[in-house]
Each structure stands twice: as C-alpha cells, then as structure tokens.
1. Filter the range 124-158 down to the residues that are among the small types (Gly, Ala, Ser) and either outside the structural domain of residue 181 (by TED's automatic domain parsing) or part of a loop (DSSP other than H, G, I, E, B) (or both), then identify the one that is nearest to residue 193 (Cα to Cα).
2. In this structure, is residue 114 of a type in the set (Phe, Trp, Tyr) and either farther than 21 Å from residue 25 by Cα or out of contact with any Phe, Trp or Tyr (no Cβ under 8 Å at 6 or more places or on another chain) (or both)?
3. Please list, ordered by first then second residue, the pairs with beta carbon atoms under 6 Å, 6 or more apart or interchain, first in the range 85-102 and in the same structural domain as residue 52 (by TED's automatic domain parsing), second open to solvent by 90 Å² or more (accessible area, probe 1.4 Å).
4. Looking at 199, 160, 124, 209, which is the one that is of a type in the set (A, V, I, L, M, F, W, C), over 17 Å from the mean Cα position of the chain (by Cα) and at pLDDT below 95?
5. Take the residues in the range 103-112 that are exposed (fewer than 15 other Cβ atoms within 10 Å of the Cβ) and without any contact (Cβ under 8 Å) to a residue 60 or more places away in the chain; name whichever of them is nearest to residue 169 (Cα to Cα).
6. Could you list all residues from the range 8-41 that are open to solvent by 70 Å² or more (accessible area, probe 1.4 Å), more than 16 Å from the ligand (Cβ to nearest atom) and at pLDDT 95 or above?
Amino acid sequence: MARRLELLAWARESGAWIIEDDYASEFRYGGRPLASLQGLDEAGRVIYVGTLNKALFPGLRLGYAVLPHPLVRNFVAARYLIDRQPSSLCQSVAAAFMEEGHFAAHIRRMREVYRRQRDTLVAALRRRLGDHLSVEPPDQGMHLVAYTRRGLSDVKIERAARDHGVTVRAMSRHYIEAPAQSALMLGFSGYPQQTIAPAVARLARAIAADCVPD
Ligand SMILES: Cc1ncc(COP(=O)(O)O)c(C=O)c1O
C-alpha cells in the first residue's frame, strides 16, 4: 500500500499517467484484497485497463478501460480510428451474462479450479525439483515464478524444456537495468490438474539431462 500511495503521489506531482493493467485481479487466492490504484487515485492520474479475454475466453476479444473524465473523448476518438468497436452482439451477451450473475459464479468456480491447479503445480515442483528451483505459491494470477538455485540458467532450462515438450518462460530476459535473476515463469490456469505432475516430471528429466553439470 505504501508503494502504491507513493506512485500515485509521484504521478500527481509530475503530471504523469499511470496505466494500471489489472488483468488477472479476479483470481486472488489468499492474502488481503489489494485496492486498485484507480480506486485509490484522487487526482485522476490512473488509466485502468482490464480484459474479459482471460476471465472468460480469449476469442471474445473484449476489454475495457476506466478513464479519468478528461481523457474520455480522446480515447473514444482513438478507438473510433482503430476499429470502431468490438462486436455489439458479444458486448450485449457479456453484459447479460454479468447481469444474470453468471460471471460472478464463473469467477468463483474458476478461482477454486485455478487454486487447485496452482497447489498441484507447487507441490509437484517442490517434490521433483526442490533441489533446483525455489517456488512460492502466488496469491494472485495465473502464473508462478520459480527461481533457479545453484546458478542454473533459466534460458538453458527453457530450451531443454521445449525439447521435452514443456513450455516455461525464462525471466532473466525481461530485466532492463536491475541485475537479472534467473527464474522460470510457469502458467497453471490452462492445464487440467491431471496433466500437471506428468509435465513437471518431463521438466525434471529435461533439467537433469541438459542443465545440471555432471
Ligand atoms: C499483462 C497483460 N495484460 C493484459 C493481457 C490481456 O490481453 P488481451 O485482452 O488482449 O487478451 C495479457 C494477456 O496475456 C497480459 O499478459
């Protein structure tokens, strides 16, 4: 919270805009709920963007923005230039889906499904790869980050995993200035629970075969 308030104060003082991309906030599994920057902002500096493409399904192509009032006209004009609007039919169906309570029920159900998948992934990683990876279950979202131990290279693991049919993303590539840390990003929302342990077993074989010095 302190960092959030500091960021808002900075935006107010410097006249900057903050774009808050809160795309996985529906899936919170524990810890205290986090107030959005947009909800805390009293100076109208936050542009809040969200999407239904994760919470419902990617092919829907529906997102939304909550804008400070003075920006509404410009955003509407830009949107008009880009592609006018998403399908009105999809918007109406999504609105009815929410009004009839199905969206909230869907989120509640999926939160439990994703929580089980997250816990299965964390347990499997700790069991099979505890010597090589350090894993904490995230409180929110659809991915977890596993830091590598003993200097193992995330980029090497990414390549070896791909050769064994498992997709993980090397996080060290995403650093700009801070010293890069070696870690893997793994998604857990898109994979049925029974597929997770076999995938971790493949990942463990990939690491043992190609990444660990003899
Ligand atoms: C950071 C971030 N924001 C938003 C989205 C959602 O994008 P879209 O609504 O275009 O599917 C994604 C998708 O992966 C994302 O990674």
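1. Among them, the one singled out is 141.
2. Judged against the criteria, residue 114 is not a match.
3. Pairs that qualify, where the first residue is in the same structural domain as residue 52 (by TED's automatic domain parsing) and the partner is open to solvent by 90 Å² or more (accessible area, probe 1.4 Å), are 86/61.
4. Testing whether each residue is of a type in the set (A, V, I, L, M, F, W, C), over 17 Å from the mean Cα position of the chain (by Cα) and at pLDDT below 95 leaves just 209.
5. Out of the qualifying residues, it is 112.
6. 10, 12, 13, 17
Every residue, every condition in (1) basic (Lys, Arg); (2) more than 16 Å from the ligand (Cβ to nearest atom); (3) closer than 24 Å to residue 199 by Cβ; (4) open to solvent by 70 Å² or more (accessible area, probe 1.4 Å), yes or no:
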residue	(1), (2), (3), (4)
56	no, no, no, no
65	no, no, no, no
71	no, yes, no, no
77	no, yes, no, no
122	no, yes, yes, no
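For (1) surrounded by 17 or more Cβ atoms within 10 Å (Cβ to Cβ); (2) among the aromatic types (Phe, Trp, Tyr); (3) at pLDDT 95 or above; (4) touching a strand residue (DSSP E or B) at 6+ places or on another chain (Cβ under 9 Å), each residue gets a yes or a no:
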site: 130; (1), (2), (3), (4): no, no, yes, no
site: 134; (1), (2), (3), (4): no, no, yes, yes
site: 137; (1), (2), (3), (4): no, no, yes, yes
site: 140; (1), (2), (3), (4): no, no, no, yes
site: 147; (1), (2), (3), (4): no, yes, yes, yes
site: 154; (1), (2), (3), (4): yes, no, yes, yes
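The values are calculated or read from the model by the stated rules, or taken from the named source; none is laboratory data. Note that the structure is predicted; figures quoted are calculated from it, not measured. Positions of Cβ are backbone-derived with ideal geometry, glycine not excepted, and every protein chain shown enters the neighbour counts. To get the accessible areas, we keep the full protein, side chains included, count just its heavy atoms, and leave off ligands, DNA and RNA. Shrake-Rupley method; radii C 1.70, N 1.55, O 1.52, S 1.80 Å.
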